[in-house]
Amino acid sequence: MTAQIGDLLFYQGERLSMCDAPLGTYFRLGGAYPEFEPSSTALMRGYVATWELLDDRLYLIAIQGWLTDGADASLESVFPGYPERVFAHWYSGRIRVRRCTNFCVTG
């Protein structure tokens with residue numbers, strides 16, 4: 001099985017790769033799910049979401065990928081009317097990230 005490309009998280013000036021995919025939780029809870037086009041075996045979900053953690057709140061700030069109709073995926077394509085950020089009210093708990101130096105560990 002190919003390792004999947006992680007979502008991105010901006011936290012305290014750092015750009016981190018997430019082990020979790022909070023947008024998947026939104027879709028599983030019944031949120032509108034556009035048809036994403038898998039771009040490779042390393043990105044079967046078809047998108048990379050970018051998140052920001054501010055004041056212990058998680059915000060979705062971007063979505064990059066492609067839809068099956070050939071259009072670019074965006075925050076607006078999943079959350080119409082919210083082109084800049086969405087508070088992830090559906091997600092709570094810990095967020096796991098990868099920290100990379102000479103090697104990667106999760107923690």
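The values are calculated or read from the model by the stated rules, or taken from the named source; none is laboratory data. All values reported here derive from a predicted model rather than from experimental measurement. A quick note on method: Cβ atoms are made from the backbone with ideal geometry, for glycine too, and the neighbour counts reach across all protein chains shown. In case anyone asks, the SASA skips ligands and DNA or RNA and just uses the protein heavy atoms, side chains included. Shrake-Rupley method; radii C 1.70, N 1.55, O 1.52, S 1.80 Å.
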Inset, instruction - Within the range 61-77, identify whether any single residue is under 17 Å from R94 (Cα atoms) and β-branched (V, I, T), and answer yes or no. - result: no
Inset, instruction - State which residue is surrounded by the fewest Cβ atoms within 10 Å (Cβ to Cβ) when the search covers only the range 23-71 and only residues that are of a type in the set (V, I, T) and touching a strand residue (DSSP E or B) at 6+ places or on another chain (Cβ under 9 Å). - result: T68
Inset, instruction - Could you please give the count of residues in the range 10-43 that are under 15 Å from the mean Cα position of the chain (by Cα) and among the β-branched types (V, I, T)? - result: 1
Legend entry - When residues of the range 88-107 are limited to those that are touching a strand residue (DSSP E or B) at 6+ places or on another chain (Cβ under 8 Å) and closer than 13 Å to L23 by Cβ, the one modelled with the highest pLDDT: A88
Legend entry - Evaluation of M1 against (1) of a type in the set (A, V, I, L, M, F, W, C); (2) open to solvent by 40 Å² or more (accessible area, probe 1.4 Å); (3) in contact with a Gly (Cβ under 6 Å, 6 or more places away or on another chain) (one fails), failing number: (3)
Inset, instruction - For the range 1-46, name all the residues that are under 20 Å from H89 (Cα atoms) and of a type in the set (S, T, Y). - result: Y11, T25, Y26, Y33
Inset, instruction - Of the numbered conditions (1) within 12 Å of the chain's Cα centre (by Cα); (2) acidic (D, E); (3) open to solvent by 30 Å² or more (accessible area, probe 1.4 Å), D7 fails exactly one; give the number of that condition. - result: (3)
